[in-house]
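Got a structure here, written out as structure tokens. Questions coming.
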Amino acid sequence: MYSEPFVKLRPVFKDYLWGGTKLKALYGADMTPVAEAWLLSAHKDGESVIAEGRYAGLTLREYLKAEEKKRDEAPFPILIKMIDAAQKLSVQVHPDNEYARVHEHDSGKSEMWIVLEAEPGAFLYVGFQQDATREEVRRRVEDGTIEDILHKIPTRTGDIVYIPAGTVHAIGAGNLILEVQQSSNATYRLYDFKRRGADGKLRPLHLDKALDVLNYHAYPGTSPSADRSAKCEYFSLQWLRVNGSLTFPMADGRFASVVCVDGEGSLTRDGKQTSLKRGDSLYLPAGETPAEITGSTDVIVTRAASV
């Protein structure tokens, strides 16, 4: 089924202007700021790399082509990144599959946020406070009052928030977040607080496309999940706290991603073992052999909804 029971990945970094220094310190990245670390990605806009072993130096996509020929027919379904929001992100929205394929030649983007750290006063914007209209949203973007109608959620470590495609959203300053999403980079910037990029120019908006894909209904008002597990039609995830030993099955024909978010330990599968420390990301190909995690560590295990 596979020649390696798992591979450890090296992230690719993004230096967007709102990023901070936490990811630089964690990974020793050679840029400042570091806004995002793409931990599990086979997307053309940033591919994680095999860190060690026989496939060291290959991108995840190259590895998948070598090991799992079926990936030639089906795009890799998920992307996992860590986000350090030293400043608030733009107010944005992502298209669904149908719109993204036509307009961006990409998948749609539904995503889930797992709050790893939240500084005092940190928050998220998710959806509208009440039903809105296309005309109202355009007007509020133009006059700078769009924040007045966004649903604001204070954040706590451990919160899990689902952002389906079409939901207006923004990550506030002071959040360190693990994001699990469809493998897509289709993002429409609705409002950006009149910030300028490195070239001195206002960062571009994608207003018309954003207005096309927005869900204008009020956010349903559900609280962030605090049970450390969640699922949607594209993937499922569990935040597992290990003190000693924990074994999870792999016999359902799906691969798994394991990201260590705290502590230290090790992962063993099919007789092979590797260390786990904060920030490590592993890809476990589908197969019958379970994986065992030992130590004192927190890991987030993600499974795609399909193989």
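What relative contact order, as a whole-number percentage, does segment 235-304 give when Cα pairs under 8 Å and 6 or more residues apart are counted? Display every interim value, and only then the final one.
Numbers: 189 pairs, mean separation 36.1, N = 70.
In percent, rounded to a whole number, it is 52.
Also, quick follow-up: Which whole-Hz couplings ³J(HN,Hα) result when phi for each residue of segment 267-283 is put into the Karplus expression 6.51 cos²θ - 1.76 cosθ + 1.60, θ = phi - 60°, listed in order with x for Gly and Pro?
10, 10, 8, 6, x, 9, 10, 9, 6, 10, 9, 3, x, 5, 10, 10, 10
Taking every DSSP beta bridge with both residues inside segment 235-304, roughly what % is antiparallel (nearest 5)? Can you show the working numbers first?
On the way: 36 of 36 bridges.
Percent antiparallel among DSSP bridges in segment 235-304 is about 100.
While we're looking at this one, here's another question. Where a ≥ b ≥ c are the square roots of the eigenvalues of the C-alpha gyration tensor, would you call segment 1-122 rounded, which needs a/c under 1.5, or, failing that, prolate if a/b is larger than b/c, or oblate? Before the final figure, lay out the partial values.
Values: a/c = 2.30, a/b = 1.27, b/c = 1.81.
Oblate, because a/c is 1.5 or more while a/b does not exceed b/c.
Pairs Lys81/Lys152; Lys109/Lys272; Lys152/Lys194; Lys88/Lys201; Lys81/Lys209: which are spaced more than 28 Å apart, C-alpha to C-alpha?
On the way: Lys81/Lys152 23 Å; Lys109/Lys272 35 Å; Lys152/Lys194 20 Å; Lys88/Lys201 19 Å; Lys81/Lys209 24 Å.
Check vs 28 Å cut-off fails for Lys109/Lys272.
Along each of the three principal axes of the Cα atoms of the chain, give the extent in whole Å, ordering the values from largest to smallest.
Answer, in whole Å and largest first: 61, 42, 39 Å.
What ³J(HN,Hα) values, in whole Hz, does the Karplus curve 6.51 cos²θ - 1.76 cosθ + 1.60 give for segment 187-200 when θ = phi - 60°, with x put for Gly and Pro?
Values per residue, Gly and Pro as x: 10, 10, 7, 8, 7, 9, 6, 6, 7, 10, x, 4, 7, x Hz.
Could you work out how far helix 134-143 tilts from the main Cα principal axis of the chain, as a 0 to 90 degree angle to the nearest 10?
So the helix axis and the longest Cα principal axis differ by about 80 degrees.
Which residue fluctuates most in the GNM of the chain (Cα springs below 10 Å): Glu117, Glu68, Glu135?
Ranking Glu117, Glu68, Glu135 by mean-square fluctuation puts Glu135 first.
Which residue, chosen from Pro224, Phe123, Gly174, occupies the Cα position most advanced towards the positive end of the dipole of the chain, where the dipole is computed from +1 (Lys, Arg) and -1 (Asp, Glu) charges on Cβ about the Cα centre?
Of Pro224, Phe123, Gly174, it is Gly174.
A further question on this structure: What ³J(HN,Hα) values, in whole Hz, does the Karplus curve 6.51 cos²θ - 1.76 cosθ + 1.60 give for segment 207-217 when θ = phi - 60°, with x put for Gly and Pro?
Along segment 207-217, the couplings run 4, 5, 5, 4, 5, 5, 9, 4, 8, 8, 7 Hz.
Highest GNM mean-square fluctuation, the chain, Cα pairs closer than 10 Å: which of Gly53, Gly28, Gly200?
Result for the chain, Cα springs under 10 Å: Gly200 fluctuates most.
Mean residue ellipticity at 222 nm from the helices of the chain, using -39,500 (n - 2.57) per DSSP H segment of n ≥ 4 over the full residue count, to the nearest 500 deg cm²/dmol?
-3000 deg cm²/dmol
Could I ask something else about it? Cα gyration tensor of segment 173-239, axes a ≥ b ≥ c as square roots of the eigenvalues: rounded (a/c below 1.5), prolate (a/b > b/c) or oblate? Show your work: numbers first, answer last.
Values: a/c = 2.08, a/b = 1.67, b/c = 1.24.
Prolate shape, in that a/c is at least 1.5 and a/b is the bigger ratio.
Report the relative contact order of segment 7-226, percent, no decimals, based on alpha-carbon pairs under 8 angstrom and at least 6 residues apart. Don't skip to the answer; put the middle values down first.
On the way: 516 pairs, mean separation 52.1, N = 220.
Relative CO of segment 7-226 lands at 24 percent.
Also, quick follow-up: Under a GNM of the chain (C-alpha, springs under 10 Å), which listed residue has the highest mean-square fluctuation: Leu240, Leu40, Leu60?
Comparing Leu240, Leu40, Leu60 in a Gaussian network model of the chain, the most mobile one is Leu240.
FYI, it's all coordinate maths here, none of it is from the lab. No experiment lies behind these values; they were computed from the predicted model shown. Virtual Cβ from ideal backbone geometry, glycine too; neighbours counted across all protein chains shown.
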